[in-house]
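The values are calculated or read from the model by the stated rules, or taken from the named source; none is laboratory data. These figures come from a predicted structure and were not determined experimentally. Positions of Cβ are generated from backbone atoms using ideal geometry, with glycine treated the same way; all protein chains shown enter the neighbour counts. The area values use the complete protein model at the heavy-atom level, side chains included, leaving out ligands, DNA and RNA. Shrake-Rupley method; radii C 1.70, N 1.55, O 1.52, S 1.80 Å.
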Amino acid sequence: MSASLMMSFLLRVPRTPRLSVLAYHRVLPAHDPLLPGDPAAAEFEQRMRWVKANFDVLPLPEAVRALREDRLPRRALCITFDDGYADNYTLALPILRRLGLPATFFVATGFLDGGCMFNDVVVEAVRHAPGADLDLDDLTLGRHPLGSNEQRGRTIGRILARLKYFELERRREIALEIARRAGARVPTDLMMSSDQVRALHAAGMAVGAHTVTHPILSEIPAARARHEMAASRARLEHIIGAPVRLFAYPNGTPRRDYHAEHAALAHELGFDAAVSSAWGAARAGDDLYQLPRFTPWDRGHLRFGLRLAARRFTASYARA
């Protein structure tokens, strides 16, 4: 059996319908060695053509209803984006519209209209940092080599793996301090404007809440978690003039980045469903407030398809 036929077979099983959900962040004009997980526009379009040929691509709100009513197509798949980057509108949207594919965009509202997320402050700082290394020992973040793009990329990963769990205000302060030491400008054009979010909705795309400041919910008090979730939705509903019924947990690992009480809170606040970054694919009867998602790192269609097929064989591990 050829690789393409085997892939076609694997994507049609198991017999119980499963929902695969792709989780993107950015689509770039060209490959960026410091953002290896984010596809260039041409690569993204090729992947979307492959997805369209192999899956029944549904709007996430429709897929949630189908899960609830146990009428999910066997090869159901949804496309999602997190955070609210401007290239979601300028690059991803035209491709999706050209191919007739729906997507859901989860927006962290505190960064709209000129803001910058802490992780991007760090990325641009490391990108522009002079010298052979970056000494952050006094910030408890270690000393890191900068001799090549590969080393800079690994440095970014190591810093962010720790920094994202810092207290919110301290996280922002340290990111800005790293930028100051590197002599790097904090970008003001990476995130969408309110008008672009409104235009996504007008184009038929779904808009979901993703908190205000992108905290790790398990690291903040319950009252603040409630505010982050509710205020994000309220801001988005004001922007698009329509209900916002979907939520995405920042970072999204069950039991580490959010707990069962946050899933219960999403339900209490009136969201129809929430997505995580847990392993697996959802089926009827799974918790709609802990839907798993798949981050599509692989560049080749074969490896991407095999990894996606493996998740479709696995029941959701989204259990906070």
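Among residues of segment 41-58 being buried (at least 17 other Cβ atoms within 10 Å of the Cβ) and in contact with a strand residue (DSSP E or B) (Cβ under 6 Å, 6 or more places away or on another chain), the one that is nearest to residue 210 (Cα to Cα) is 58. Using the structure shown, decide if residue 167 is over 24 Å from residue 105 (Cα atoms) and modelled with pLDDT under 95. When the stated conditions are applied, residue 167 passes them. Which residue is surrounded by the most Cβ atoms within 10 Å (Cβ to Cβ), if the candidates are limited to segment 128-166 and must be closer than 16 Å to residue 35 by Cβ and without any contact (Cβ under 8 Å) to a residue 12 or more places away in the chain? Applying the filter and picking the extreme gives 151. Scanning segment 18-33 for residues being in contact (Cβ under 8 Å) with a residue 24 or more places away in the chain, assigned to a loop (DSSP other than H, G, I, E, B), open to solvent by less than 40 Å² (accessible area, probe 1.4 Å) and of a type outside the set (A, V, I, L, M) gives a total of 1.
Within the bounds of segment 76-93, is there any residue that is touching a Ser or Thr at 6+ places or on another chain (Cβ under 6 Å), among the polar types (S, T, N, Q) and on the phi < 0 side of the Ramachandran plot?
Yes, segment 76-93 has at least one match.
Evaluated against (1) surrounded by fewer than 19 Cβ atoms within 10 Å (Cβ to Cβ); (2) over 30 Å from residue 231 (Cβ atoms); (3) of a type in the set (Val, Ile, Thr); (4) in contact (Cβ under 8 Å) with a residue 24 or more places away in the chain, residue 188 falls short on exactly one condition, (2).
Pairs meeting the criteria (first residue in segment 227-250 and in contact (Cβ under 8 Å) with a residue 40 or more places away in the chain, second residue surrounded by fewer than 22 Cβ atoms within 10 Å (Cβ to Cβ) and in a helix (DSSP H, G or I), beta carbons under 6 Å, at least 6 apart or on different chains) are 239/194; 239/198; 240/198; 240/201.
Of all residues in segment 167-185, which are surrounded by fewer than 18 Cβ atoms within 10 Å (Cβ to Cβ) and over 19 Å from residue 85 (Cβ atoms)? Steps first, answer last, please.
Within segment 167-185, the first condition is being surrounded by fewer than 18 Cβ atoms within 10 Å (Cβ to Cβ), and the residues that meet it are 167-170, 172-173, 176-177, 180-181, 183, 185.
Once the filter is applied, which keeps residues that are surrounded by fewer than 18 Cβ atoms within 10 Å (Cβ to Cβ) and over 19 Å from residue 85 (Cβ atoms), segment 167-185 yields 167, 168, 169, 170, 173, 176, 177, 180, 181, 183.
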